[in-house]
Structure formats: structure tokens, C-alpha cells
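Here's the structure, in C-alpha cells; my notes come after.
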């Protein structure tokens, strides 16, 4: 379902890959310029929605380097000549291992790529007239980032936080205490009313998770 925010930012979340990863198309209503967050695969499905919505896809934004989030990135970037924005450089080793990741998890072969721009905490990303803030949120992976629109009260959080759960920390360079700190120190200050779009599963709000999530409730 297409989600409309109070501002000019709109988004559509599309589950892709056998892992049902939440790929999101984010666009500026005023200009119809769009970015895609975490194109893990099923590119034709993503591009069909871009066409249906009458958008001009201009950028790829990545939260982290796991195959189900970035598996389609190299092909999409090459096909449409798109810049790749993110994640943080600490996830370079995951991107460098994409061929091995694809084989390990039964995905189609994914090519290694070099992002056009690595992100750091405090950066911003802009599409059309819409700007989102970048926060570095390590723990699930060391280079994980999230994208936050204070005006729209929306955050795209990848695999840091889920409705009722948190991201795994048993992958290489994952760290449980670091993940908990990222959630409490980087996500909670965005406000209880902020709706977050996780990497898998349904949306929720930070306030709801602070009340009910057994891993990070206050």
C-alpha cells in the first residue's frame, strides 16, 4: 500500500527476495523524483511500481550490506546509471563478499559494487525536495545506517529494529550491546510518534516498541 506522509514525501514498501525484505520506493510528490531503499532483488517488480506511479528513479539508498538488502544493487545501478548512496564504510566487507553471500543463501549471483558515496552519522540524503537524516546504527552490521524524516515522522531502519523484535547480532561483526545502544540512543530520540519501516515485517512506532518490545522496552 502506498503511504502518504503529511509532507511531500511518499513511499511504497515492496517485499522482495525469498526473505520478504522490505524494499521501499521513496519519492517527492512535488517533483516525482524517487529513490529506492535496499533493492535486494526482484528488480522487475520494483521497476513496475516505479512506472505505475509515474516516478523518475534517481538514486539507490542502502541501509547495510546483507544480500537480501543489496543483491539487486549492482544490476539496477548499471541499468539505469544510478548513484549508490550508503551504507557506512564499515560494511564494505559485506559488499565485497556478495558473490559468496549469494551462494550461501541461495540467491542469484550478486556482483560486488562500490558505493558512489559512503554515509556517516549526521549526513543527509535528498531526493527532489525531500531530505532525510542519516544515523549510523551499528550492531546488526558495523556499517548499518537508517534514514529519518522528522517532518514526515518516518524512519527506514533496515534490520536494526522490528515490530516486537530486534536485528540479529550473530553475523560477523554483529554485537548485541552495540545494537541495543543504537536503538536507544539513535532511534528513540526520533520520537515516540515516529513510524518506522523495518527490513522485514510490518511497520510499528518507536513508542509502541518502547512499551511492548521485550528486547528494548523501557
- request: Could you bin all the Cα-Cα distances of the stretch 1-118 into 10 Å bins starting at 0 and give me the percent of pairs in each, rounded to whole numbers?
  value: 15, 48, 30, 7, 0
message: Using Cβ counts within 10 Å as a stand-in for footprinting exposure, how do 88, 66 rank, fewest first?
response: 88, 66
task: Decide, for the chain, between rounded, prolate and oblate: order the square roots of the alpha carbon gyration tensor eigenvalues as a ≥ b ≥ c, take rounded if a/c falls under 1.5, and otherwise choose prolate if a/b is larger than b/c, else oblate.
output: oblate
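Please give the contour-minus-distance gain from residue 52 to residue 185: 0.36 nm per residue of separation, less the Cα-Cα distance, rounded to one decimal in nm. Present the calculation step by step, with values, prior to reporting the outcome.
Numbers: separation 133, 0.36 × 133 = 47.88 nm, distance 3.85 nm.
Between residue 52 and residue 185, full extension yields 44.0 nm more.
Fewest Cβ neighbours within 10 Å first, please rank 156, 162 accordingly.
Details: 156 23, 162 19.
Going from least to most buried by this count: 162, 156.
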- prompt: What FRET efficiency, computed as 1/(1 + (r/R0)^6) with R0 = 35 Å and r the Cβ-Cβ distance, is obtained for residue 126 and residue 170, rounded to the nearest 0.05?
  reply: 0.50
task: Take the alpha carbon atoms of the stretch 12-88, find their center, do the same for the stretch 104-122, and report the distance between the two centers in whole angstrom.
output: 12
- line: In a Gaussian network model of the chain with springs linking alpha carbons closer than 10 Å, the residue among 81, 192, 133 that fluctuates most is 81
Inter-site label distance for residue 117 and residue 210 at 7 Å from Cα along Cβ, in nm: 3.1
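Taking only C-alpha pairs under 8 Å that are 6+ residues apart, what is the relative contact order of the chain in percent?
Taking the mean separation of contacting Cα pairs over the length of the chain, I get 16 percent.
How many percent of DSSP beta bridges within the chain run antiparallel, rounded to 5? Kindly include the intermediate steps, with their values, before the conclusion.
Numbers: 31 of 43 bridges.
Bridges in the chain are about 70 percent antiparallel.
How high is the FRET efficiency from residue 78 to residue 218, r the C-beta distance, R0 45 Å, rounded to 0.05? Provide the component values of the computation, followed by the final result.
Numbers: r = 46 Å, r/R0 = 1.01.
Here the calculated transfer efficiency is 0.50.
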statement: With only helices counted (DSSP H, runs n ≥ 4, each -39500 (n - 2.57)), the per-residue ellipticity at 222 nm for the chain, to the nearest 500, works out to -5500 deg cm²/dmol
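Within a 10 angstrom radius of the beta carbon, how do 55, 43, 62 rank from fewest other beta carbons to most? Walk me through the numbers before you get to the answer.
Numbers: 55 23, 43 19, 62 30.
By the 10 Å Cβ count, ascending, the order reads 43, 55, 62.
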- line: Classified through the alpha carbon gyration tensor (a ≥ b ≥ c as square roots of its eigenvalues; rounded if a/c is under 1.5, else prolate when a/b is larger than b/c, else oblate), the stretch 130-218 comes out oblate
Max mean-square fluctuation residue, GNM over the chain, Cα-Cα springs under 10 Å, options 65, 158, 122: 122
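Which value in Å does the Kirkwood hydrodynamic radius of the stretch 57-183 take, with 1/r averaged over all unlike C-alpha pairs and then inverted?
14.9
None of the figures in this text is laboratory data; all of them are computed from the coordinates on show. All values reported here derive from a predicted model rather than from experimental measurement. Please note: Cβ atoms are built from the backbone with ideal geometry, for glycine as well, and neighbour counts cover all protein chains shown.
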